[in-house]
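Report on the structure given below.
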Amino acid sequence: MPNPLNFAKKLLSPVNIQSIEFLKKFEKKHKIVVYIPENSVTEVIHAMSSAGAGRIGDYTVCSFRVKGKGTFKGGKNTKPVIGTKGKFEIVEEVRLEMVCNKENLQDALDKMLDVHPYEEPAYEIYDIITGSTKAGKNLVKINLKNSVSFIEILNKLNKKIEISLLHSAELKKRFKTVMIDISDNANKYYPVDNVEGILKLTKSVNGEFNISF
């Protein structure tokens, strides 16, 4: 399937298409935040980047940093890199932030911990939504002149689908907007204002289509 537009024209009558809009892509990712002495920041950045963190579009080694002060007091069995155990310390540190895909998260954390100088590095992981700056080629929203029913779409997708398992009210539901996504990305995310009241056809990682509305 070369693009969602060709698929849309096969699924929907071309003469019934009122407008076509290619949408920006949004994804679920993670943000790793770690606190580091300034002289170790570069090493940590490159270690995490080697595991896939810090990638934004075609750019790699992307990060954000801000200086601040960290505090700690090491117990009797500690060996602090900075300061003295048993003493309250205030040290200059850098808060480092890098984005990371779910599949690279564990490796990026392992690489960070391997090179971080502290015995007990302080780090945090946040779930985030990120988006591209340009509309993608694999995500399209089709506005129709006349509404189509759910059962019409099902029959065009696969006439062998067992529709008796579905409620008749669902089969009769009609839509004037259809969104088709062939991005084949398990981490994709759709903002609410783009999908509410829309019939959504999304390609799963195994190549099949999921239908929702």
Problem - In the range 28-129, lysine pairs with alpha-carbon atoms under 14 angstrom apart (chain gap of 8 or more, or interchain) - result: 8
Completion exercise
With -39,500 (n - 2.57) per DSSP H segment of 4 or more residues and division by the full residue count of the chain, the 222 nm estimate, nearest 500 deg cm²/dmol, is -5500 deg cm²/dmol
Practice task
With only Lys, Arg, Asp and Glu charged, each at its Cβ (+1 for the first two, -1 for the last two), find how big the charge dipole of the chain is about the Cα centre; round to the nearest 20 debye.
Solution key: 900
Fill in the blank from the handout: Residue span residue 107 to residue 46: 0.36 nm per residue of separation minus Cα-Cα distance leaves a gain in nm of 20.7 nm
Exercise for the section: Considering Cα pairs under 8 angstrom that are at least six residues apart, work out the relative contact order of the chain and quote it in whole percent. Expected result: 28
Practice task
Express in nm, to one decimal, how much length is gained between residue 126 and residue 114 on full extension, taking 0.36 nm for each residue of separation and deducting their alpha carbon distance.
Solution key: 2.2 nm
Handout entry: Percentage, to the nearest whole number, of Cα pairs in the range 89-144 over 12 Å apart
Key = 79
Problem - For peptides 143-154, 90-101, sequence by mean Cβ density within 10 Å, most packed first - result: 90-101, 143-154
Exercise for the section: Compute the FRET efficiency between residue 18 and residue 71 as 1/(1 + (r/R0)^6), taking r as their Cβ-Cβ distance and R0 = 45 Å, and round to the nearest 0.05. Expected result: 0.15
Problem - Two-site label geometry, residue 79 and residue 56: point separation in nm, points 7 Å out along Cα→Cβ - result: 3.8
Exercise for the section: Pop a pseudo-label 7 angstrom from the Cα along the beta-carbon direction at both residue 31 and residue 133 and give the gap in nm to one decimal. Expected result: 1.8
Handout entry: Helix axis angle, 105-115 relative to the chain longest principal axis, alpha carbon, degrees
Key = 10
Handout entry: Average Cα contact separation per residue, the range 28-129, under 8 Å, 6 or more apart, as relative contact order %
Key = 48
Completion exercise
Quick note, the range 28-129: a/c under 1.5 would make it rounded; otherwise a/b > b/c is prolate and the rest oblate (a ≥ b ≥ c, C-alpha gyration tensor); here it is prolate
Completion exercise
Computed on Cα atoms, Rg of the chain relative to 2.2 N^0.38 Å comes out at 1.46
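FYI, it's all coordinate maths here, none of it is from the lab. This is a predicted model, so every value here is computed, not measured. Please note: Cβ atoms are built from the backbone with ideal geometry, for glycine as well, and neighbour counts cover all protein chains shown.
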